[in-house]
Amino acid sequence: MGEVLSQSEIDNLLAALSTGELDANDIPDASEKQVKQYDFKRPAKFSKEHLRTLEIMFENYGRLLTTHLPVYLRRSVQVSVTSSESVTFSEFMNALSNPVILGIVNFNPLPGSAIIEMATQLGFAMIDRMLGGQGVPLDKKREFSEIELTILDKIMVIFMQMLREPWKNVVDLHPTLERIETNAQFVQIISPSDMIAIVTMNVKIGDVEGLVNICLPFATLEDVMDKLNTKFWYSTMQDDKGEDYELQIETLIRKVDVPVKAILGHSKISVSDFMNLQVGDIIRLDRRVEEDMEVYVGNIKKFRALPGTSKENNAVRITTVLREEE
């Protein structure tokens with residue numbers, strides 16, 4: 001809608017026309033189309049609607065990572081989408097510094113590949129957590145060792161597997177991780193002038209925070225571009241049933257490793273006796289063989305059991321399940 005003139009502005013305009021100060025031919029025609037500049041080096045292949053739909057899809061992806069990553073890292077994880085933009089592939093690659101963590105993901109059945117780029121501080125923090133540390137990143141950047149790359153490969157597989165769910169309303173995606181690169185020069189999946197969409201997510205693991213960029217080439221998404229709109233995406237959404245959600249939660253919980261220990265008893269001996277212990281020596285405990293022993297799950301006393309063997313292995317037989325009040 002054009003700008004609305006006030007009454008005083010209309011009077012001034014009529015007065016200027018009547019005195020000849022303003023020529024009617026100088027007034028632009030509102031119906032005349034305005035010419036817009038078009039940069040052929042940066043064709044606008046991703047519209048705002050496409051980018052908005054990708055943001056919605058990866059907000060769902062972020063929620064999946066928030067739920068699944070704590071199972072492996074054993075620490076709270078927060079993932080949120082910060083932005084989305086369309087740039088050339090060369091601009092994206094020139095912004096990277098070595099070493100870098102780049103996961104090349106085959107977007108089968110779509111042609112071509114996508115890239116998951118993770119901040120190095122996040123990578124080192126995840127490696128530290130997977131190895132039993134506190135999840136502290138390194139102060140200085142360095143190259144990744146072979147063992148660290150193996151762990152990063154497992155982490156990238158988790159990121160890759162979570163891609164199937166948010167894309168299911170657009171395409172039945174079966175992504176596979178092709179490789180991990182730490183040098184940006186070795187990643188040339190498309191022409192430098194080709195357009196890509198970048199969805200940037202902020203990942204916070206405990207006190208460590210960093211960015212994860214998802215690079216999606218237009219050549220890979222070209223076959224499904226007509227489906228990348230919010231109307232189509234919402235129309236094909238399927239309501240998740242409560243039973244399926246509970247089953248997913250149960251499956252995740254079953255994957256969590258918890259320490260279990262059975263305490264036979266306690267005893268006090270001197271340091272000299274401890275230093276002189278030999279194979280076959282007997283240490284007297286404060287519990288009889290026929291008495292129940294406590295079994296701890298984590299730090300919680302959960303069961304009472306009797307010691308024994310099973311197929312030549314030490315074992316316990318649960319006799320009582322303890323409640324919290326017990």
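If R0 is 51 Å, what FRET efficiency do you get for Arg52 and Val271 from their C-beta distance, rounded to 0.05? Mind showing how you got there, number by number?
Numbers: r = 70 Å, r/R0 = 1.36.
It comes to 0.15.
Note the full-extension length gain between Lys227 and Ser90 as 0.36 nm times their separation in residues minus their Cα-Cα distance, in nm to one decimal. Provide the component values of the computation, followed by the final result.
Details: separation 137, 0.36 × 137 = 49.32 nm, distance 2.65 nm.
So the extension gain works out to 46.7 nm.
Mind pulling up the Rg/Rh value for the range 48-237? Radius of gyration and Kirkwood radius, both on Cα.
In the range 48-237, Rg relative to Rh is 0.95.
Report the calculated FRET efficiency for Glu59 and Glu178 (r = Cβ-Cβ distance, R0 = 30 Å), to the nearest 0.05. Spell out each step's value before the answer.
Working: r = 26 Å, r/R0 = 0.87.
According to the calculation, E is roughly 0.70.
Relative contact order for the range 260-321 using alpha-carbon pairs under 8 Å, separation at least 6, rounded to a whole percent? Show your work: numbers first, answer last.
Numbers: 84 pairs, mean separation 18.4, N = 62.
Once divided by the residue count of the range 260-321, the mean separation gives 30 percent.
Note down the relative contact order for the range 48-237 as a percent, whole number, built from C-alpha pairs under 8 angstrom at least six residues apart. Before the final figure, lay out each step's value.
Working: 345 pairs, mean separation 66.4, N = 190.
Relative contact order of the range 48-237: 35 percent.
Give, as a single signed number, the net charge of other residues whose beta carbon lies under 14 Å from the beta carbon of Leu221, with Lys and Arg counted +1 and Asp and Glu -1.
On the way: positive: Lys45, Lys227; negative: Glu49, Asp194, Glu222, Asp223, Asp226.
Result for the local shell: -3.
Report, in debye and to the nearest 20, how large the dipole of the range 48-237 comes out about its Cα centre when Lys and Arg carry +1 and Asp and Glu carry -1 on their Cβ. Mind dumping the intermediate values first?
Numbers: 16 positive and 22 negative charges, 111 e Å.
With Lys and Arg at +1 and Asp and Glu at -1, about 540 debye.
Would you mind getting me the FRET efficiency between Leu264 and Asn299? Use the beta-carbon distance for r and R0 = 25 Å, nearest 0.05.
Numbers: r = 18 Å, r/R0 = 0.72.
E between Leu264 and Asn299, to the nearest 0.05, is 0.90.
FYI, it's all coordinate maths here, none of it is from the lab. It should be emphasised that the depicted structure is a prediction, and the values quoted were computed from it without experimental measurement. Cβ sites come from the backbone with ideal geometry, for glycine too, and all protein chains shown count toward neighbours.
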